[in-house]
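No value in this document is a laboratory result; all are computed from the given coordinates. Here the structure is a predicted model, which is why all the values come from computation and not from measurement. Methodologically, a virtual Cβ is constructed for each residue, glycine included, from the backbone with ideal geometry; neighbour enumeration extends over all protein chains shown.
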Amino acid sequence: MLIAANWKMYKGPREARAFSEAFRAPKGVEAVICPPYVSLAATLESGHVVFAQNVHWADEGAFTGEISAPMLRELGVTGAIVGHSERRQHFGETDETVARRTLAALESGLRVIACVGESLEERETGQMELVLRIQVEAIADGVGTHSGLVLAYEPVWAIGTGKTASPEQAKEAHALIKSFLDVPVLYGGSVKPENAAELLSQPAVDGALVGGASLEVESFTAICQAAASLS
Ligand code: PGA
């Protein structure tokens, strides 16, 4: 089972180093840490598996503010999150750019966690299936079932809101996603030590992408332990 810590725009190198020195991944779970770019090196120092939070599709070029897959690989980073809903919502990320980033990262030898998920309005107006199909197929058309690819189902209404998909909702969405593209699917959206075991024990839930609860060593460790006890 894969449990990824998405730190978002939290923790500079000093805090990242302190966390990384204190954190030990329990046996039986693959823990991945996704710090901001400036804290990647500090997090790698303790020997953890480290992914970036985004990656560009070109190897190099005139793309101010972007980072490429070969640059991440040179540092020792082994994967990247792509298409997080915060990137789609605030930074103009589209299904097309998500697909381009995913393909380039995989071709460069990085692993990828590609995020999909519906908004509350889309769910309430019965468009969840269509939205997930479009998002997943954009990725699938480019890369298919690549061994380095996992998807993350992150219902936008559950991210950072304290609201979690019910185990039933997660089970249903994960099965749907796998019917479009058969790769491992992580659940993300207010995963906490209190709800991790129940969510992770659902069929087709292959791990978690954790935001807020990954910022403290104690709560992230507890979530990893819940995963380890299921595997
Ligand atoms: P959250 O974030 O756990 O704080 O809801 C999850 C994510 O955005 O990856």
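From the list ALA99, ALA80, pick out the single residue that is of a type in the set (A, V, I, L, M), at negative phi and not in a helix (DSSP H, G or I). Matching residue, one of ALA99, ALA80: ALA80.
Restricting segment 39-64 to residues that are within 20 Å of the chain's Cα centre (by Cα) and aromatic (Phe, Trp, Tyr) leaves a set whose member that is farthest from LEU2 (Cα to Cα) is TRP57. Candidates in segment 105-119 are the residues that are farther than 20 Å from VAL49 by Cα and surrounded by 23 or more Cβ atoms within 10 Å (Cβ to Cβ); of these, the one that is farthest from the chain's Cα centre (by Cα) is GLU118.
Only one of these is closer than 28 Å to ARG17 by Cα and touching a Lys or Arg at 6+ places or on another chain (Cβ under 7 Å): GLY160, GLY211, GLY189. Name it. Give the derivation first.
On the way: GLY160 fails: touching a Lys or Arg at 6+ places or on another chain (Cβ under 7 Å); GLY189 fails: touching a Lys or Arg at 6+ places or on another chain (Cβ under 7 Å).
It is GLY211.
Residue count for segment 120-155 satisfying the condition of being within 16 Å of the ligand (Cβ to nearest atom), aliphatic (A, V, I, L, M) and within 19 Å of THR102 (Cβ to Cβ): 3.
Close contacts from segment 67-92, counting a first residue that is within 20 Å of GLY148 (Cβ to Cβ) and a second that is within 11 Å of the ligand (Cβ to nearest atom) and among the aliphatic types (A, V, I, L, M), with Cβ to Cβ under 6 Å and a gap of 6+ residues or different chains, come to ILE81/ILE113.
Applying the condition of being within 11 Å of the ligand (Cβ to nearest atom) and assigned to a loop (DSSP other than H, G, I, E, B) to segment 195-216 and asking which residue is nearest to ILE81 (Cα to Cα) yields GLY211. Of the residues GLY117, GLY162, the single one that is within 15 Å of the ligand (Cβ to nearest atom), on the phi > 0 side of the Ramachandran plot and either in contact (Cβ under 8 Å) with a residue 40 or more places away in the chain or β-branched (Val, Ile, Thr) (or both) is GLY117.
Filtering segment 21-37 down to residues that are part of a helix (DSSP H, G or I) and farther than 24 Å from GLU154 by Cβ, which residue is farthest from the ligand (Cβ to nearest atom)? Checking each candidate, the answer is GLU21. With respect to the conditions (1) surrounded by fewer than 20 Cβ atoms within 10 Å (Cβ to Cβ); (2) more than 29 Å from HIS174 (Cβ to Cβ), ALA16 falls short on a single one, namely (1). Taken over segment 172-191, the residue count meeting the criterion of being crowded, with 17+ Cβ neighbours inside 10 Å and either part of a loop (DSSP other than H, G, I, E, B) or of a type in the set (A, V, I, L, M, F, W, C) (or both) is 12. Contact map, segment 1-16: first residue more than 13 Å from VAL210 (Cα to Cα) and in contact (Cβ under 8 Å) with a residue 40 or more places away in the chain, second residue crowded, with 19+ Cβ neighbours inside 10 Å and among the aromatic types (Phe, Trp, Tyr), Cβ cut-off under 7 Å, separation 6 or more or different chains; pairs are LYS11/PHE19. Cβ separations smaller than 8 Å between residues 6+ apart or across chains give the following pairs from segment 93-104 residues that are touching a residue at least 40 places away in the same chain (Cβ under 8 Å) to residues that are part of a helix (DSSP H, G or I) and among the charged types (D, E, K, R): VAL98/ARG88; ALA99/ASP141.
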